[in-house]
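S.K.: Just dropping this structure here.
The values are calculated or read from the model by the stated rules, or taken from the named source; none is laboratory data. Since this is a predicted model, take the numbers as computed values, not measurements. So basically every Cβ, Gly included, is an ideal-geometry build from the backbone, and we count neighbours across all protein chains shown. The accessibility values were calculated without ligands, DNA or RNA, using every heavy atom of the protein model including side chains. Shrake-Rupley method; radii C 1.70, N 1.55, O 1.52, S 1.80 Å.
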Amino acid sequence: MKPFRTLDRFIMKELMGPFLFGVMAFTLIMVAGGLLFKLADLIIEQGVSLGVAGRLFIYELPSVVVLTLPMSCLLAALLGFSKMSANSEIVALKAAGISFSRISRPVLVAAFGISILSLALNETVVPLGKIAAQNVMRYEVAREKPALLKEQVFLRSSDPSAEGLRRIVYINKLYARSGTMDDVVVQEFRGADLVRLTTARKGTWIDGVWYLDDGDVFEVKGRTTVELTLHFKRQALPIRLTPQQISRSTAKPDDMSCLELIKYIEILKAQGKSLEPLWVAFHLRLAVPWACVILALIGATLGVRPMRKGGASIGFGQSILIVFVYYVVMSMGRSLGQAGHIPPILGAWLPNILFFAGALLLARRADR
């Protein structure tokens, strides 16, 4: 067992440097391609201070880093094994009777741990960072112009006297300029239990107050019983935010945790809403982190092949190409799933399925 433990430590040491380099390089590429332009626009066009822009950068950074983890696993495995192959270390290990599956074991174990870390970040740090960034945009970036239309708007309010949510408001369409909204669902909680559900066809901003028009109130008893208690023509909605503030501060389904998405899906299912986009977002939350394991396996199988001169640059280029193809397939699967052409779970997991099949084929060849 000791030689194998030594081998594991040796391989992990070879992969650590390329992995950290990949995280920094891919994060820089993604930040330079989008986030920095957004911050520059806020500073130049809207006069936002460097301090506010810096905090927005920090709050948005976790969501970028999470996306770079699968790419970094691919790059680490590809460059690490390429170096070992160039130094004839892979040949020596195979000559000693050690199979490729055994050599790649520490890579897959490490990638599995990174996948778990990515899932944890998606459920904790990333949503908190998004909420913090939205609060900065709401209260400190006062010059931002609201969009004409916002779709799938979610608002949360906590109960100050108890832990947990007090109210969740779903707005299918928000027209910030006119101060109106369509298809509103209000969920009211007592502790962790949903106790009341209010639906309305329209909402209107009148004299500093939101009003719901043509709606129904349902009492929720237990997990299976929902009773209609009254129908109303108009009633006030306890939201203190203006239409412009709601437009700036609302979260998208892609920015929510899996638990939050499940709660929204359960409520919207009873209202007959289209659930495919939400289900795709939910399954993507689970599928993307596991790309760390799949891409790491692909990187290992490609890395053990004999490399020509310029192996590091070739490996980096291969990583970029593979990641590009992966996210193209992911975009296609997401679009097909959201449109209902394929099941949402298949749309979200399609790139993982295809790339895992390719990884198994490459692994079989590498073990010969």
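S.K.: Using a simple charge model, +1 on the beta-carbon of Lys and Arg, -1 on the beta-carbon of Asp and Glu, nothing else, what dipole does segment 1-94 show about its Cα centre, in debye to the nearest 20?
M.R.: The calculated dipole for segment 1-94 is roughly 520 debye.
S.K.: Give me the accessible area of Leu241, 1.4 Å probe, in Å² rounded to the nearest 10.
M.R.: For Leu241, solvent-accessible area is about 30 Å².
S.K.: Per residue, how much accessible area does segment 1-119 have with a 1.4 Å probe, in Å²?
M.R.: 50 Å²
S.K.: From the phi of every residue in segment 340-347, what ³J(HN,Hα) in whole Hz does the Karplus formula 6.51 cos²θ - 1.76 cosθ + 1.60 yield, where θ is phi - 60° and glycine or proline is x?
M.R.: Per-residue couplings from phi come out as x, 6, 9, x, x, 5, 6, x Hz.
S.K.: Let me ask another. Long-range amide H contacts for Arg196: which residues qualify at under 5 Å (H placed 1.01 Å from N, peptide plane, sequence gap of 5 or more or a different chain)?
M.R.: Glu188, Val220
S.K.: What whole number of Å gives the distance from the Cα centroid of segment 331-368 to the Cα centroid of segment 10-88?
M.R.: Going from one Cα centre to the other spans 24 Å.
S.K.: Starting from the residue with the highest accessible area, list Glu227, Glu14 in decreasing order, probe 1.4 Å.
M.R.: So the residues, ranked largest to smallest area, are Glu227, Glu14.
S.K.: Among Ser49, Leu39, Gly80, flag the residue with its Cα farthest along the positive direction of the charge dipole of segment 20-99, charges on Cβ as +1 for Lys/Arg and -1 for Asp/Glu.
M.R.: Gly80
S.K.: Follow-up question, since we're still on this one. Might you report the magnitude of the Cβ-based charge dipole of segment 177-230 about its Cα centre, with Lys and Arg at +1 and Asp and Glu at -1, to the nearest 20 debye?
M.R.: 160 debye
S.K.: Of Lys173, Lys233, Lys221, Lys263, which has the most accessible area with a 1.4 Å probe, and how do the rest follow in descending order?
M.R.: Lys233, Lys221, Lys263, Lys173
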